[in-house]
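Engineer: Encoded as structure tokens, here's the structure I'll be asking about.
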Amino acid sequence: MIEKLNKKDINQIMNIWIKENKSTHYYIPEAYWDNHFEEVKKEILKAEIYVYKEKEEVCGFIGLSRTYIAGIFVKKEKQSMGIGSKLIEYCKSKYPELILSVYAKNERAIAFYEREGFKIVKEEIDKETNEKEYVMVWKQ
């Protein structure tokens, strides 16, 4: 089930955020994620967040800033089960266009977004990590 973020779920959300960032973005020092943890936690509480739950367990979430997908995260053991697609579909039903940035080295995520209809429209360098990233867009 997809629902808006309930503040009582913030610890589960942040647990997924830190674990999946460190695991997926192995090319970025773990300290980068640790150093941004509190800042991200504050921003998440202010953002438009949709959570995918099974019973009371948060399995994944997506964060939006208007039509920009700031992040989508699914617990490792729940990946490849359609949760990410359901979160994207939910957002597609709310907005006629979605934009995101993804690290070029994150090939699995790029393939996922392309399957969801996103197209690479620009290449840039993330100033904080110095990593190449792609800007991807989906339009209705």
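Engineer: If a residue must be surrounded by 13 or more Cβ atoms within 10 Å (Cβ to Cβ) and assigned to a helix (DSSP H, G or I), how many such residues does segment 16-29 contain?
Structural biologist: Going residue by residue through segment 16-29, those that are surrounded by 13 or more Cβ atoms within 10 Å (Cβ to Cβ) are 16-22, 24-25, 28.
Adding the requirement that they be assigned to a helix (DSSP H, G or I) leaves 16-22, 24.
The qualifying residues number 8.
Engineer: Moving on to the next point. Only residues that are more than 18 Å from E3 (Cβ to Cβ) and either of a type outside the set (D, E, K, R) or at pLDDT 95 or above (or both): list them for segment 39-56, please.
Structural biologist: Taking segment 39-56 and keeping what is more than 18 Å from E3 (Cβ to Cβ), we get 39-43.
Across segment 39-56, the qualifying residue is only V40.
Engineer: How many residues does segment 1-15 contain that are surrounded by 15 or more Cβ atoms within 10 Å (Cβ to Cβ) and under 17 Å from K78 (Cβ atoms)?
Structural biologist: Taking segment 1-15 first, the residues surrounded by 15 or more Cβ atoms within 10 Å (Cβ to Cβ) are 2, 5, 9-10, 12-14.
From what's left, under 17 Å from K78 (Cβ atoms): 2, 9, 12-14.
Selection size over segment 1-15: 5.
Engineer: Another question, if that's okay. Kindly indicate whether E123 is closer than 26 Å to Y26 by Cβ and either touching a Phe, Trp or Tyr at 6+ places or on another chain (Cβ under 6 Å) or at pLDDT 95 or above (or both).
Structural biologist: Working: closer than 26 Å to Y26 by Cβ: yes; either touching a Phe, Trp or Tyr at 6+ places or on another chain (Cβ under 6 Å) or at pLDDT 95 or above (or both): yes.
Judged against the criteria, E123 is a match.
Engineer: Exactly one condition in (1) assigned to a helix (DSSP H, G or I); (2) over 13 Å from the mean Cα position of the chain (by Cα) is false for I13; which is it?
Structural biologist: Single failed check for I13: (2).
Engineer: Being over 19 Å from S23 (Cα atoms), out of contact with any Leu (no Cβ under 8 Å at 6 or more places or on another chain) and crowded, with 16+ Cβ neighbours inside 10 Å is the filter here; which residues of segment 117-136 pass it?
Structural biologist: Y134
Engineer: Give the residues of segment 30-60 that are closer than 30 Å to A104 by Cβ, of a type in the set (K, R) and surrounded by 12 or more Cβ atoms within 10 Å (Cβ to Cβ), sorted by residue number.
Structural biologist: Within segment 30-60, just K41 meets the criteria.
Engineer: Follow-up question, since we're still on this one. State which residue is farthest from F61 (Cα to Cα) when the search covers only segment 108-120 and only residues that are part of a helix (DSSP H, G or I) and of a type in the set (G, A, S). Can you show your working first?
Structural biologist: As a first pass, look at segment 108-120 and keep what is part of a helix (DSSP H, G or I): 108-115.
Okay, now just the ones that are also of a type in the set (G, A, S), so 109, 111.
On the way: A109: 15, A111: 19 Å.
Result: A111.
Engineer: Just to be sure I understand, how many residues within segment 121-140 are hydroxyl-bearing (S, T, Y) and either within 23 Å of K92 (Cα to Cα) or assigned to a strand (DSSP E or B) (or both)? Working first, answer last.
Structural biologist: Taking segment 121-140 first, the residues hydroxyl-bearing (S, T, Y) are 129, 134.
Within this subset, residues satisfying the condition of being either within 23 Å of K92 (Cα to Cα) or assigned to a strand (DSSP E or B) (or both) are 134.
Total satisfying the criteria: 1.
Engineer: Now for a separate question. Tell me which residues, restricted to segment 86-107, are assigned to a helix (DSSP H, G or I), surrounded by 14 or more Cβ atoms within 10 Å (Cβ to Cβ) and either free of Cβ contacts under 8 Å to residues at least 60 places away in the same chain or at positive phi (or both).
Structural biologist: I88, C91, K92
The values are calculated or read from the model by the stated rules, or taken from the named source; none is laboratory data. Please read these numbers as outputs of a predicted model, since none were measured by experiment. Glycine gets a Cβ as well: all are built from the backbone with ideal geometry, and neighbour counts include every protein chain shown.
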